[in-house]
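The values are calculated or read from the model by the stated rules, or taken from the named source; none is laboratory data. Just so it is clear, the model here is predicted, and its values are computed rather than measured. Cβ sites come from the backbone with ideal geometry, for glycine too, and all protein chains shown count toward neighbours. Ligands, DNA and RNA are stripped out before the accessible areas are found, and what is left, the full protein with its side chains, is counted by its heavy atoms. Shrake-Rupley method; radii C 1.70, N 1.55, O 1.52, S 1.80 Å.
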Amino acid sequence: MTIRHSRGNYDIRFVSLDRMFDGCGPRDRILTDANVRQCLDGQWPQGIPTWVVPAGERSKSISEFERAVRWLANGGAGRDTRLIAVGGGVVGDLAGYVAAAFMRGIRLAQIPTSLLAQVDSSVGGKVGIDLPEGKNLVGAFHPPDEVRIPLDALRTLPENEFRAGMAEVWKYAFIADPSLVSLLEGSRLGPEDPRLESVVRRCIEIKAHVVERDEFETTGLRAILNFGHTLGHAVEQVSGYGVLHGEAVAVGMIWEARLGEQIGMTPPGTASEIAVHLASHGLSVESPYLNQVDELLAAMRKDKKAGADGLAFSLLEGIGRCKLVRGVDETEVRALLGAR
Ligand SMILES: NC(=O)c1ccc[n+]([C@@H]2O[C@H](COP(=O)([O-])OP(=O)(O)OC[C@H]3O[C@@H](n4cnc5c(N)ncnc54)[C@H](O)[C@@H]3O)[C@@H](O)[C@H]2O)c1
Ligand SMILES: [Zn+2]
């Protein structure tokens, strides 16, 4: 698959674990996290300097950014260096931002190893780090030169991380592709499933289609990728990031579908249908954090899509069709969550 963007294009290819580093050399640098480094130990290439950050969201920080760029500078990296991100979305976002900033931009290759990174974060060019004030507040658009997807890497991914990635897979089906719903329904997908490659490919195609048409998030189209995310991000934040992103998005999708039904945009019954699908993949559709309505509303007001006219949600017009809706009154959300 080839993705076009304003400065060129890049290829996305499926690779086996043992071919993951083909063509990489001593001028390259690798950035990864400790879990991934350990799980992929047998595949690690000799002779390519590697920077290992602690696993987890906390590594998307100014301090890890500083350590990584200084490591590049001290190790003789130059404008001809290519940085290779090997890991989940945390590594991809951090390495991407390092590549965007070092010497005003060096080449980046993404080798995503979590399901979420394979279907979402490695594609589209958004990179960045967090501040104590909020997630992803510092970042850039820095598309990779290439994306190599080792599906075999998912065999070592913890089960709860796989499940959380599946929430994003379902999201693509709900916003854009009823045939993906058909492909997924019936039995739960796992890392060994023969459907996996076509499922990941379809998700990437949908994301590519959207980001090619709204690369810099200016038309509102890219916002459809945010279905389930206005409320999902709020749940994540109110939980103190104790809930995985995908788990929060699953809850967000159900309740945003119910919100859509409540305001007459989403056909009745859609939320129940979504709930059945998510539950069949082990995703919970309830959360104790939904009781904290004031805290959730405070978080949703800070959402990038919100405006002076009210909250904003990407809502379904049916399975396979999604649209950004602005100006949603807070009383609608209170009514929705209060009636639980
Ligand atoms: N840039 C974007 O467009 C975009 C889109 C969506 C999400 N994101 C970002 O992605 C991040 C979440 O990504 P994530 O869910 O991949 O989290 P993550 O990078 O923290 O990975 C999840 C966990 O799985 C481990 N892991 C990854 N691959 C593994 C493997 N093959 N075997 C064993 N363990 C493995 C990691 O070490 C980590 O502990 C968030 O910071 C989010 O903001 C970015
Ligand atoms: Zn997401």
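Annotations
- Among the residues making up region 245-280, those that are away from ligand 2 (no atom under 16 Å from the Cβ), more than 21 Å from Arg334 (Cβ to Cβ) and in contact (Cβ under 8 Å) with a residue 60 or more places away in the chain are His277, Ser280.
- Of residues in region 201-229 being within 16 Å of ligand 2 (Cβ to nearest atom) and in a loop (DSSP other than H, G, I, E, B), the one most open to solvent (accessible area, probe 1.4 Å): Glu217
- Residue count, region 305-340 (criterion: within 22 Å of Val210 (Cβ to Cβ) and not charged (D, E, K, R)): 15
- Pairing each residue of region 163-188 that is within 23 Å of Leu244 (Cα to Cα) with any residue that is within 16 Å of ligand 2 (Cβ to nearest atom) and among the acidic types (Asp, Glu), provided the two are 6+ apart or on different chains, yields C-beta distances under 7 Å for Ala164/Glu247; Ala167/Glu247; Glu168/Asp120.
- Residues being in contact with a Lys or Arg (Cβ under 8 Å, 6 or more places away or on another chain) and away from ligand 2 (no atom under 16 Å from the Cβ) - total across region 151-178: 1
- Within this structure, Glu159 fails the test of being more than 18 Å from Gly252 (Cα to Cα), open to solvent by 10 Å² or more (accessible area, probe 1.4 Å) and in contact (Cβ under 8 Å) with a residue 60 or more places away in the chain.
- When region 131-150 is limited to residues that are out of contact with any Asp or Glu (no Cβ under 7 Å at 6 or more places or on another chain), away from ligand 2 (no atom under 13 Å from the Cβ) and at pLDDT below 95, the one that is least open to solvent (accessible area, probe 1.4 Å) turns out to be Gly134.
- A residue that is of a type in the set (Gly, Ala, Ser), out of contact with any strand residue (DSSP E or B) (no Cβ under 8 Å at 6 or more places or on another chain) and open to solvent by 30 Å² or more (accessible area, probe 1.4 Å) occurs somewhere in region 230-247.
- If the condition is being away from ligand 2 (no atom under 16 Å from the Cβ) and part of a helix (DSSP H, G or I), then region 100-128 contributes Ala100, Ala101, Phe102, Met103, Arg104.
- Check on Gly124, more than 7 Å from ligand 1 (Cβ to nearest atom), surrounded by fewer than 24 Cβ atoms within 10 Å (Cβ to Cβ) and more than 14 Å from Arg29 (Cβ to Cβ): no
- For Tyr97: the one exception among (1) more than 10 Å from ligand 1 (Cβ to nearest atom); (2) more than 15 Å from the chain's Cα centre (by Cα); (3) not in a strand (DSSP E or B): (1)
- Verdict on Thr2 being surrounded by fewer than 17 Cβ atoms within 10 Å (Cβ to Cβ) and among the β-branched types (Val, Ile, Thr): yes
- Some residue of region 290-311 being surrounded by 14 or more Cβ atoms within 10 Å (Cβ to Cβ), closer than 30 Å to Ser179 by Cβ, under 22 Å from the mean Cα position of the chain (by Cα) and of a type outside the set (Lys, Arg): no
- Residue match in region 62-78 (condition: closer than 24 Å to Val238 by Cα and within 10 Å of ligand 1 (Cβ to nearest atom)): no
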